[in-house]
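This report concerns only the one structure given below.
The values are calculated or read from the model by the stated rules, or taken from the named source; none is laboratory data. Values in this document were obtained by computation on a predicted structure and should not be read as measured data. Note that we place each Cβ from the backbone using ideal geometry, even for glycine, and neighbour counts take in every protein chain shown. To get the accessible areas, we keep the full protein, side chains included, count just its heavy atoms, and leave off ligands, DNA and RNA. Shrake-Rupley method; radii C 1.70, N 1.55, O 1.52, S 1.80 Å.
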Amino acid sequence: KKWGFIDSSGLFVIECQYDRAESFNEGLAAVRMNGQWGVIDKIGNQLTPYIYHGIGPFKEGMAIVRKDSNSGFIDSSG
């Protein structure tokens, strides 16, 4: 099962290609590929590498991330 994104009319704007996908916040979404999380924009451009074990929603330009046993914050460029 793969995840993608549709617009309000039901048309795919980002094809199903992700192992998991979270909702967009501030124009950005966390998506998982091969067990790792990264960030995309609303047209599917990859903004960060898929290196995180978890990513929270973006708020005020930042998101909390988890990598190995560390936690921190990233902006849209990682």
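Solvent exposure of residue 14, expressed as accessible area, is near 10 Å², computed with a probe of 1.4 Å over the protein chains only.
What a 1.4 Å probe finds exposed on the chain is 50% carbon and sulfur by accessible area, rounded to a whole percent. If you sort 1, 59, 67, 42 by accessible surface, 1.4 Å probe, largest first, the order is 1, 59, 42, 67.
Other residues with beta-carbon under 15 Å from the beta-carbon of residue 26 carry, at +1 per Lys or Arg and -1 per Asp or Glu, a net charge of -2. Solvent-accessible area per residue in the chain equals 63 Å², computed with a 1.4 angstrom probe and all protein chains kept.
Among the protein heavy atoms, those of residue 20 account for about 90 Å² of accessible surface (1.4 Å probe, every chain in place).
When you restrict to C-alpha pairs under 8 Å that are six or more residues apart and normalise by the size of the chain, the relative contact order lands at 19 percent.
Remark: accessible surface ordering of 9, 69 (largest first) is 69, 9, probe radius 1.4 Å.
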